[in-house]
């Protein structure tokens, strides 16, 4: 059974892309050891996966069985070592971090030398009966121990700081790193079980492709995603927010326009001429909400005191759900006020009730609620029915 | 003054402001009152339908910001900030309050003690536009500062800063 190349190819490509992104960020912070550690980690992981493409070529070319696997494992250890250095720079003040980081790099060098010595002294069998598995290699004990220590530290730190981070993209990135570390620890556990199986004469080679490989690839993909999400996550979040704001702006427009035409003095911003998306849409949306609320207050003297009851009754008779009735009632009172003002009726001394409170105190809650009101204003049959009901002459010749 | 120039002037004013973190409009008003050496009180009222929905009433001793009860919390916050923007910009003229409204709203306040009344109605004058624009900008910037920082331990904050810088 040969090692599948495509997943390694994809992961290597993504790791190199992430590395290029981090190296680009280094231009302005060349002396930042934390960023260098991240770059070293990504480069080592890329090396670890790249060696997997050329397993057969390296082994046959060198004449050393499982040399490519060993080089790949050393790459993974270097990535873990870089991860430990990264944590040192996060935890310790600059003065002591440099000394500790040097010690950690020395520890990594010692572990790599130990792996090399064990690989030469106790080389893995050329053919274990399950190609791609080199689980009889004694050096793997060092490999598993070294990487497990690093992943445990990363998980602990990631969990702690994902709860504290303010930036949502950093929180997400740290959680993805924790998930990657958990996958990595599971991968190492499986590797340890396979090692013990080999030692005790019960080979578990079937685990290699069915469990070990997916865990290894998932670990690399998740760690890469977690490390890069804080860099591109904010931009993606901004884009998603912008698209949502544009949509909300369009949805609120019919309601805002009707109120603006009734009371143009309440509009602050110059007209966008339909090219709202070229301006600060978030700010325009905020203004739209405030101007709708201003317009509602300005209309209060014109709204018939019975408008709310009439609209609610019509909504119930139409069988609308409660939420739709609430939105339609608010839309209908606005429409009734606009119609009364246009017809020169009012103002009255009995102002209409205040608008229904939104689902929360912030702008998002206002937008969510007013979007429903705007939809009802433009499309609910309750709205024209309420206006008609209030303007129809009653028996004594007056309107309701 | 054109709108672009007004926007730039509001940006300059905004840059000089020290907004509380997390943002709270009541705390901000108290802070402005302390900075000016004149207590600033907020009063929520059922304002008459034909009266402005917010007022800045300045007396010899202190300032009052009056805002409408019958509207949503965000709108109330904006009305308060509009009046506060008048205070911050040092505006002196604007839509006043008629004698009848003044008597109904502030029966215990002698007209002689009121130095100035500015009301939030339409944005026809430059001062009203400036106050409205500055209020919008303050709340937009406050929106980013509204969430309280999760980290209170300075060491943890420092670790988090280095972590963020690295990745």
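The values are calculated or read from the model by the stated rules, or taken from the named source; none is laboratory data. Given the structure is predicted, the values throughout are model-derived calculations rather than measurements. All Cβ positions, even for glycine, are placed from backbone atoms using ideal geometry, and neighbour counts span all protein chains on display.
Observations
- Members of segment A:243-259 found to be farther than 19 Å from residue A:379 by Cα and within 14 Å of another protein chain (Cβ to nearest Cβ), listed by number: A:245
- Qualifying residues in segment A:277-287 (those that are more than 11 Å from chain B (Cβ to nearest Cβ) and in contact with a helix residue (DSSP H, G or I) (Cβ under 8 Å, 6 or more places away or on another chain)) - the one modelled with the lowest pLDDT: A:277
- Residue A:20 vs. criteria within 14 Å of another protein chain (Cβ to nearest Cβ) and either modelled with pLDDT under 85 or within 26 Å of the chain's Cα centre (by Cα) (or both): no
- Filter result (surrounded by 14 or more Cβ atoms within 10 Å (Cβ to Cβ) and part of a helix (DSSP H, G or I)) within segment A:153-167: A:153, A:154, A:155, A:157, A:158, A:159, A:160, A:161, A:162, A:164
- Residue in segment B:62-76 that is more than 23 Å from residue A:286 (Cα to Cα) and free of Cβ contacts under 8 Å to residues at least 24 places away in the same chain present: no
- Within segment A:46-66, tally of residues that are in a helix (DSSP H, G or I) and either free of Cβ contacts under 8 Å to residues at least 24 places away in the same chain or within 14 Å of another protein chain (Cβ to nearest Cβ) (or both): 6
- Any hit, segment A:306-313, residues being within 14 Å of chain B (Cβ to nearest Cβ), at pLDDT below 90, surrounded by fewer than 20 Cβ atoms within 10 Å (Cβ to Cβ) and over 27 Å from residue B:135 (Cα atoms): no
- You will find that of A:195, A:152, A:172, the residue that is within 14 Å of chain B (Cβ to nearest Cβ) and touching a residue at least 12 places away in the same chain (Cβ under 8 Å) is A:172 and no other.
- Residue match in segment A:370-388 (condition: within 14 Å of chain B (Cβ to nearest Cβ), at pLDDT below 90, touching a helix residue (DSSP H, G or I) at 6+ places or on another chain (Cβ under 8 Å) and within 19 Å of residue B:76 (Cβ to Cβ)): no
- Some residue of segment A:220-241 being more than 14 Å from chain B (Cβ to nearest Cβ), modelled with pLDDT under 90 and buried (at least 21 other Cβ atoms within 10 Å of the Cβ): yes
- Set side by side, the residues A:188, A:217, A:164 differ, and just one is assigned by TED's automatic domain parsing to the domain that holds residue A:66 and touching a residue at least 60 places away in the same chain (Cβ under 8 Å), which is A:217.
- Of everything listed in (1) at the interface with another protein chain (Cβ under 10 Å from one of its Cβ atoms); (2) in a helix (DSSP H, G or I), the single unmet condition for residue B:31 is (1).
- Test: residue in segment A:3-11 that is part of a helix (DSSP H, G or I), within 24 Å of the chain's Cα centre (by Cα) and either modelled with pLDDT under 80 or crowded, with 22+ Cβ neighbours inside 10 Å (or both): yes
- Test: residue in segment A:137-148 that is in the same structural domain as residue A:37 (by TED's automatic domain parsing) and at pLDDT below 85: yes
- In this structure, residue A:338 does not qualify as within 14 Å of chain B (Cβ to nearest Cβ), modelled with pLDDT of 90 or more and in contact with a helix residue (DSSP H, G or I) (Cβ under 8 Å, 6 or more places away or on another chain).
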